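A short worksheet on the structure shown next.
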Amino acid sequence: MRSELGTTVITNGRLFDGTGAAPLADAAIVVTDGVIAFVGPAATMPPPAPSAKRIDAAGGTIMPGLIEAHFHPTYFDVAALEDLDIKYPVEYVTLLAAANARLALECGYTAARSGGSLFNIDVWLKKAIENDITPGPRLVASGREICGVGGLMDWNPDFRRIGMEGLVLLVNGPDEARAAVRKLVKDGVEWVKTYPTGDAAAPDVNDHHTLCMTFDEMRAVVATAHNHGLKVTGHCRATEGITNALKAGYDAIEHGTFIDDEGLDLLLARDVPCVPALYFEKVSVERGKEFGLSQRVIDGHQETLDGGAESARRILRTGGRLGMGGDYGFAWNPHGDYAKELEFFVDFVGLSPLEVLSCATKTGAEIMGRGHDLGTLQVGKIADVLVVAGDPTAEIGILQDRTRFLAVIQGGVVKAGRMAAPAG
Ligand SMILES: [Zn+2]
């Protein structure tokens, strides 16, 4: 991705740097060739060259770009789960995914980890973004997901003679699990996304208390993935699915909904991050009827919401790490709403805005494996920066309002927000 050459100075704003430090009034940032060269009180900033570009934060806030830790670029705001795999051909879904990536960037998300994608679209979308062919968050790709035969993602009945190979690789036993990971190695993914458990959203028997992979399959996934330098995560609702994933050596847990004491101990022992992706449950309860969800499914989402909120609180309060991300890409939880997750974690789950912002920046970068160069505003890191009118550390909800972004910056380049050059 292209960086802004030369020097840019951002002044006249309060700093939230993502490191855990208290916000700093009247701060300044100096960016040289896309990398942060100075960050701190404006009074101690070395005098910039006269040729330096200037960005006036206008009394607003200077903060790290947001990171979506569970991004489904190919979910195109579907009204039914089944639409995810065969409603449109891959050519059209690729274009939709590019539009979703552009939207995420415009919403202040300068980086994202994929939570799974139709075919291998996210791997190539990542390449297109890196090569400045299309705008979007810096991506970490997952490609197709892995699920046991008959599990949550295996919804096309056999009589239709339609496979699921666009969306998931279905496995029976450790040998097939290994083969699936090897396919993904060739595809070029960085995270392997699996389905240890079902979900309240299941149209059939695979609800949130059901297991969808065996421990042996999960262990085979981890051994093969780690051998090739890939990381493994999984959709984990049911208690036993969470402990299975942690015992099998998973590198992250998605949802972690019904974690028990054993699971929490295992999670904390290896400092495994969890991405609750929980706002989806609230909006599914609130708007499910409107979209034809059955009462059984809505009740399941309510149980998931309550269990997930309790688990997320416990994980953070006992010293664990949470990433912020969600299953955006459903009609009732569309792309563009990503920052609703943040306000929800303050209002519903009870975290402080500063905690949530750290989860959405620093921890997100760590989950991506980019903690060394993204996620906080520190000297030597890539200048992925938001300049926001107002104070999200006091009023986190303003991050949902795209008109509040003065600048969405990647590598020192203003990509979106009021200061961005109009698209030609
Ligand atoms: Zn997901």
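The values are calculated or read from the model by the stated rules, or taken from the named source; none is laboratory data. Please read these numbers as outputs of a predicted model, since none were measured by experiment. Here Cβ is always computed from backbone atoms with ideal geometry, including for glycine, and neighbour counts include all displayed protein chains. SASA here: full protein model, heavy atoms, side chains in, ligands and nucleic acids out. Shrake-Rupley method; radii C 1.70, N 1.55, O 1.52, S 1.80 Å.
Just a few scattered comments:
- Residue count for segment 84-129, restricted to those that are touching a strand residue (DSSP E or B) at 6+ places or on another chain (Cβ under 7 Å), part of a helix (DSSP H, G or I) and within 16 Å of the ligand (Cβ to nearest atom): 3
- Those residues of segment 193-203 which are open to solvent by less than 40 Å² (accessible area, probe 1.4 Å) and either farther than 23 Å from E91 by Cα or over 24 Å from the mean Cα position of the chain (by Cα) (or both), in sequence order: T194, Y195, P196, T197, G198, D199, A200, A201, A202
- Screening D347 on (1) more than 16 Å from the ligand (Cβ to nearest atom); (2) in contact with a strand residue (DSSP E or B) (Cβ under 7 Å, 6 or more places away or on another chain) shows it passes everything except condition (2).
- The single condition among (1) in contact with a Lys or Arg (Cβ under 9 Å, 6 or more places away or on another chain); (2) within 16 Å of the ligand (Cβ to nearest atom); (3) open to solvent by less than 30 Å² (accessible area, probe 1.4 Å); (4) not polar (S, T, N, Q) that R144 does not satisfy is (3).
- Residue within segment 297-312 that is over 21 Å from L399 (Cα atoms), touching a residue at least 12 places away in the same chain (Cβ under 8 Å), open to solvent by 10 Å² or more (accessible area, probe 1.4 Å) and among the polar types (S, T, N, Q) present: yes
- Scanning segment 378-393 for residues that are surrounded by fewer than 24 Cβ atoms within 10 Å (Cβ to Cβ) and within 24 Å of V346 (Cα to Cα) turns up A389, G390, D391, T393.
- Positions within segment 309-331 being away from the ligand (no atom under 13 Å from the Cβ) and modelled with pLDDT under 95, in sequence order: none
- Enumeration of residues in segment 104-134 that are under 25 Å from G397 (Cβ atoms) and not β-branched (V, I, T): A104, L105, E106, C107, G108, Y109, A111, A112, R113, G115
- Residues satisfying the stated conditions in segment 167-180, i.e. open to solvent by 10 Å² or more (accessible area, probe 1.4 Å) and either of a type outside the set (D, E, K, R) or in a loop (DSSP other than H, G, I, E, B) (or both): L169, L170, N172, G173, P174, A179
- P135 free of Cβ contacts under 8 Å to residues at least 24 places away in the same chain and open to solvent by 10 Å² or more (accessible area, probe 1.4 Å): no
- Residue ID - surrounded by the fewest Cβ atoms within 10 Å (Cβ to Cβ), chosen from residues in segment 55-77 that are part of a strand (DSSP E or B) and over 22 Å from the mean Cα position of the chain (by Cα): D56
- Residues satisfying the stated conditions in segment 202-259, i.e. among the small types (G, A, S) and not in a loop (DSSP other than H, G, I, E, B): A220, A223, A225, G234, G241, A245, A248
- Pairs linking a residue in segment 138-161 that is farther than 30 Å from D384 by Cβ to a residue that is in a loop (DSSP other than H, G, I, E, B) and open to solvent by 40 Å² or more (accessible area, probe 1.4 Å), with Cβ atoms under 8 Å and 6 or more positions apart or on different chains, are G148/N172; G148/T214; V149/N172; W155/E82; W155/P203; W155/D204; N156/E82; N156/I162.
- Neighbours by Cβ (under 6 Å, 6+ apart or cross-chain): first from segment 8-21, closer than 19 Å to T32 by Cβ; second part of a loop (DSSP other than H, G, I, E, B) and among the hydroxyl-bearing types (S, T, Y): D17/T376
- Matching residues, segment 53-83, being more than 16 Å from the ligand (Cβ to nearest atom) and either among the acidic types (D, E) or farther than 22 Å from I396 by Cα (or both): K53, R54, I55, D56, A79
- Evaluation of G13 against the conditions (1) away from the ligand (no atom under 16 Å from the Cβ); (2) under 30 Å from A202 (Cα atoms) shows that the sole unmet condition is (2).
- Residue under evaluation A80, criteria (1) touching a Phe, Trp or Tyr at 6+ places or on another chain (Cβ under 9 Å); (2) in a strand (DSSP E or B), criterion not met: (2)
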